[in-house]
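S.K.: Sending over a structure as structure tokens; questions will come in a sec.
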Amino acid sequence: MITPLVSILMGSKSDLPIMKGAPEVLEELGIGYELTTLSAHRTPHRVMKLAEGAKKRGIKVIIAGAGMAAHLPGVVAAFTTLPIIGVPIKAGNSPGGLDAVLAILQMPPGVPVATVAINGSRNAGILAAQIIGAGDPEVAEKLANFKEKMREKVETLADEVEEKGYKAML
């Protein structure tokens, strides 16, 4: 088992189909993580306990996804000095997820939360890896390889579109 360096939190089990992008990319990069469901409103003491103890457990970055009022990332940030990445989740009754984006973006001075796109958990996983990679050459090398594979994939597609034309690609 790989030692967890990233803690992934979500406000509800219903967030898992959106949040699965973060653990998928961390697995691809060989970075250990822990994943759980917590509620800023229903289990605030558990949120506090997890956030306060994360650094002692070796966690380097926390990813927190939440929809609607999206308080989970901000509450976690209140209880730790670790970097927090917020993933705004578009809830069923949400105005396009903008409520969650604004809740995560508009943190008060001194309690920052990095924010990715609505439902952008994969980018949250990549950003967490980049934060860890800034001080870990092994992770930095894995990220370089990861990004090289992305570049190669796009260049292969570009060559194919240019060779076959757009109609053949539809």
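The values are calculated or read from the model by the stated rules, or taken from the named source; none is laboratory data. All of these numbers come straight from a predicted model, not from anything done at the bench. When we count neighbours, we look across all protein chains shown, and the Cβ atoms used for this are built from the backbone with ideal geometry, even at glycine. Please note that ligands, DNA and RNA were not included when accessible areas were found on the heavy atoms of the full protein model with its side chains. Shrake-Rupley method; radii C 1.70, N 1.55, O 1.52, S 1.80 Å.
S.K.: Which residues, taken from the stretch 115-130, are surrounded by 20 or more Cβ atoms within 10 Å (Cβ to Cβ) and either of a type in the set (S, T, N, Q) or not in a helix (DSSP H, G or I) (or both)?
M.R.: THR115, VAL116, ASN119, GLY120, SER121
S.K.: Name the one entry in ALA91, ALA64, ALA77 that is under 14 Å from VAL116 (Cβ atoms) and either in contact with a helix residue (DSSP H, G or I) (Cβ under 9 Å, 6 or more places away or on another chain) or in a loop (DSSP other than H, G, I, E, B) (or both). Talk me through it step by step, then tell me what you get.
M.R.: On the way: ALA91 fails: under 14 Å from VAL116 (Cβ atoms); ALA77 fails: under 14 Å from VAL116 (Cβ atoms).
From the options ALA91, ALA64, ALA77, the qualifying one is ALA64.
S.K.: Can you go through GLY97, GLY133 and tell me which one is open to solvent by less than 70 Å² (accessible area, probe 1.4 Å) and closer than 18 Å to ALA40 by Cβ?
M.R.: On the way: GLY133 fails: closer than 18 Å to ALA40 by Cβ.
Criteria check complete, one pass: GLY97.
S.K.: Filter the stretch 24-57 down to residues that are under 22 Å from ALA140 (Cα atoms), open to solvent by 100 Å² or more (accessible area, probe 1.4 Å) and of a type in the set (Asp, Glu), then give me how many there are.
M.R.: Qualifying residue count, the stretch 24-57: 2.
S.K.: Continuing with the same structure: For the stretch 39-54, enumerate the residues that are closer than 15 Å to SER7 by Cα and not acidic (Asp, Glu).
M.R.: SER39, ARG46, VAL47, MET48, LYS49, LEU50, ALA51, GLY53, ALA54
S.K.: If I go through the stretch 1-57 residue by residue, how many of them are assigned to a loop (DSSP other than H, G, I, E, B), closer than 25 Å to LYS90 by Cβ, of a type in the set (Lys, Arg) and without any contact (Cβ under 8 Å) to a residue 60 or more places away in the chain?
M.R.: 1
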